[in-house]
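Chemist: What follows is a single structure, and I will ask about it in a moment.
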Amino acid sequence: MSEKVTIYDIAEKLNITAATVSRALNNNPKIKESTRELVIKTAASMNYKQNKLALALKSGRSNNIGVIVPRIDSNFFASVIRGIEEELHPHGYQVIICQTHESKKRENENLYTLIDAQVDGILMSVTDVTNENDDAFNNVLQKNVPLIFFDRSKHIDGVSSVTINDFRGGYLTTKHLINEGCRHIAHLSGDQSLEIFKNRFLGYKQALLDHGITFKEEYVLPVKSMVEAGKEAVDKLLQLETPPDAIFSSSDFAALGAIQELKERNISIPNEFCVAGFSNEPFTKFMELSITSVDQSPLEMGKMAARVFLEQVDKTDTIKIEKKVVLAPELHIRKSSSRTSF
């Protein structure tokens with residue numbers, strides 16, 4: 001196995017100093033353009049590979065960006081990551097993806113690992129909003145590494161975020177169900193310690209109040225974003241003295257489970273029971289009984305988070321201006337909840 005080519009090998013071949021080779025490879029303005037082109041051409045012919053880690057330590061820039069998500073096997077997060085990459089790649093950045101699997105411990109590990117890897121910034125969707133792992137976040141801020149939250153955020157001074165108006169999404173969906181004639185609307189809620197789920201619930205509740213419908217605690221069930229959770233929720237709701245006639249779910253997967261359970265019980269959708277979800281997962285529009293859902297614009301969210309990062313990293317001073325970007329949700333009305341349009 002041949003030894004790696006070094007800048008000293010290039011210098012010897014060109015009969016120049018190693019310092020000149022280094023400056024040429026790093027685009028130092030003091031080096032003549034003809035010399036720089038010769039060094040680069042020679043380096044390529046000798047199959048020279050720069051030590052990226054050493055370069056990062058020397059320059060303080062690695063051109064790597066850390067992205068932390070709960071999981072990547074989700075169309076939403078996959079689309080956000082795509083948006084981030086599409087926006088940052090033309091600027092010479094590579095993306096390092098980490099998953100938390102909803103574990104605060106893994107979130108901590110991810111943050112420390114990315115800092116040790118000398119990333120130039122971290123874009124993330126948090127696991128929860130408690131203060132139990134603030135040491136990890138403080139470590140990021142102390143290193144002066146730009147930190148941008150997307151979708152799920154927590155309140156940290158100086159940290160920017162890109163989210164959608166979840167309250168508005170919950171309100172629009174519930175208002176639509178009311179307009180379709182539903183008067184007993186249940187809500188399958190996610191973990192309300194996370195702001196996105198809390199705001200979807202608050203939007204749902206406000207829509208009921210604005211339309212003169214009494215809010216009932218028993219109609220609100222916390223569920224995980226799983227098909228089975230939606231099935232179990234329907235089983236509980238139908239046992240109530242006054243069962244609901246509609247469900248607004250904070251998760252498309254739970255909404256799908258609810259629809260499957262209602263079908264098994266021969267309950268007609270949407271004539272007897274309406275269902276709407278949240279996230280606009282691809283399957284919602286391709287099913288025979290397409291599912292009404294709120295689009296979170298994940299691709300645009302990823303692009304916007306990347307733009308916020310670029311704005312911060314391009315500043316010549318160390319002052320980072322906190323920016324809160326809130327995207328507008330879009331309700332896609334489909335067969336599962338529309339008694340008049342289809």
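The values are calculated or read from the model by the stated rules, or taken from the named source; none is laboratory data. Predicted model only: the values in this text are computed from it and were never measured. Neighbour counts are summed over all protein chains in view; Cβ atoms, including those assigned to glycine, are modelled from backbone coordinates with ideal geometry. These accessible areas exclude ligands, DNA and RNA; they are computed on the full protein's heavy atoms, side chains included. Shrake-Rupley method; radii C 1.70, N 1.55, O 1.52, S 1.80 Å.
Chemist: Please find, among 126, 162, the residue that is crowded, with 22+ Cβ neighbours inside 10 Å and part of a loop (DSSP other than H, G, I, E, B). Even if it seems obvious, please write down each step before you answer.
Modeler: Working: 162 fails: part of a loop (DSSP other than H, G, I, E, B).
Step by step, each of 126, 162 is checked, and only 126 is crowded, with 22+ Cβ neighbours inside 10 Å and part of a loop (DSSP other than H, G, I, E, B).
Chemist: Any residue in segment 292-321 that is of a type in the set (Asp, Glu) sitting within a Cβ distance under 9 Å of a residue that is at pLDDT below 95 and surrounded by fewer than 18 Cβ atoms within 10 Å (Cβ to Cβ)? List the pairs, counting only those 6 or more apart or interchain.
Modeler: Once the first residue is of a type in the set (Asp, Glu) and sits in segment 292-321, its partners that are at pLDDT below 95 and surrounded by fewer than 18 Cβ atoms within 10 Å (Cβ to Cβ) give 311/321; 311/323.
Chemist: Inspect segment 105-118 for any residue being over 21 Å from residue 71 (Cα atoms), crowded, with 22+ Cβ neighbours inside 10 Å and in contact (Cβ under 8 Å) with a residue 12 or more places away in the chain and give the result as yes or no.
Modeler: no
Chemist: Name the pairs: first residue in segment 158-170 and more than 11 Å from residue 297 (Cβ to Cβ), second residue in a helix (DSSP H, G or I) and among the acidic types (Asp, Glu), Cβ to Cβ under 9 Å, at least 6 apart or on different chains?
Modeler: 160/311; 166/195
Chemist: State yes or no: is residue 135 open to solvent by 10 Å² or more (accessible area, probe 1.4 Å), at pLDDT below 90, of a type in the set (Asp, Glu) and in a helix (DSSP H, G or I)? Show your work before the answer.
Modeler: On the way: open to solvent by 10 Å² or more (accessible area, probe 1.4 Å): yes; at pLDDT below 90: yes; of a type in the set (Asp, Glu): yes; in a helix (DSSP H, G or I): yes.
Judged against the criteria, residue 135 is a match.
Chemist: Still on this model: Just checking, how many residues over segment 104-123 are at pLDDT 90 or above and not in a helix (DSSP H, G or I)?
Modeler: Qualifying residue count, segment 104-123: 5.
Chemist: Just checking, which of 69, 145, 126 is in contact (Cβ under 8 Å) with a residue 24 or more places away in the chain and closer than 24 Å to residue 282 by Cβ?
Modeler: On the way: 145 fails: closer than 24 Å to residue 282 by Cβ; 126 fails: closer than 24 Å to residue 282 by Cβ.
Exactly one of 69, 145, 126 is in contact (Cβ under 8 Å) with a residue 24 or more places away in the chain and closer than 24 Å to residue 282 by Cβ, namely 69.
Chemist: State yes or no: is residue 275 closer than 18 Å to residue 125 by Cα and either touching a residue at least 12 places away in the same chain (Cβ under 8 Å) or not in a loop (DSSP other than H, G, I, E, B) (or both)?
Modeler: no
Chemist: OK, next. State the number of residues belonging to segment 165-196 that are more than 20 Å from residue 77 (Cβ to Cβ), small (Gly, Ala, Ser) and crowded, with 23+ Cβ neighbours inside 10 Å.
Modeler: Number of matching residues: 2.
Chemist: Being aliphatic (A, V, I, L, M) and either assigned to a loop (DSSP other than H, G, I, E, B) or modelled with pLDDT under 95 (or both) is the filter; apply it to segment 281-307 and report the residue that is least open to solvent (accessible area, probe 1.4 Å).
Modeler: Start the filter on segment 281-307 by keeping residues that are aliphatic (A, V, I, L, M), which leaves 287, 289, 291, 294, 299, 301, 304-306.
Okay, now just the ones that are also either assigned to a loop (DSSP other than H, G, I, E, B) or modelled with pLDDT under 95 (or both), so 287, 289, 291.
Numbers: 287: 54, 289: 25, 291: 0 Å².
Ranking the candidates gives 291 first.
Chemist: Among the residues of segment 197-251, which ones are open to solvent by 50 Å² or more (accessible area, probe 1.4 Å) and of a type in the set (Ser, Thr, Tyr)?
Modeler: If the condition is that a residue be open to solvent by 50 Å² or more (accessible area, probe 1.4 Å) and of a type in the set (Ser, Thr, Tyr), then 214, 225, 242 are the ones that fit.
Chemist: Quick check on my filter: what residues within segment 238-272 are free of Cβ contacts under 8 Å to residues at least 12 places away in the same chain and over 20 Å from residue 339 (Cβ atoms)?
Modeler: 239, 241, 264
Chemist: Please go through segment 183-196 and pick out each residue that is of a type in the set (A, V, I, L, M, F, W, C) and at pLDDT 95 or above. Write out each step before concluding.
Modeler: The first filter runs over segment 183-196 and keeps only residues of a type in the set (A, V, I, L, M, F, W, C), leaving 185-186, 188, 194, 196.
Scanning segment 183-196 gives 185, 186, 188.
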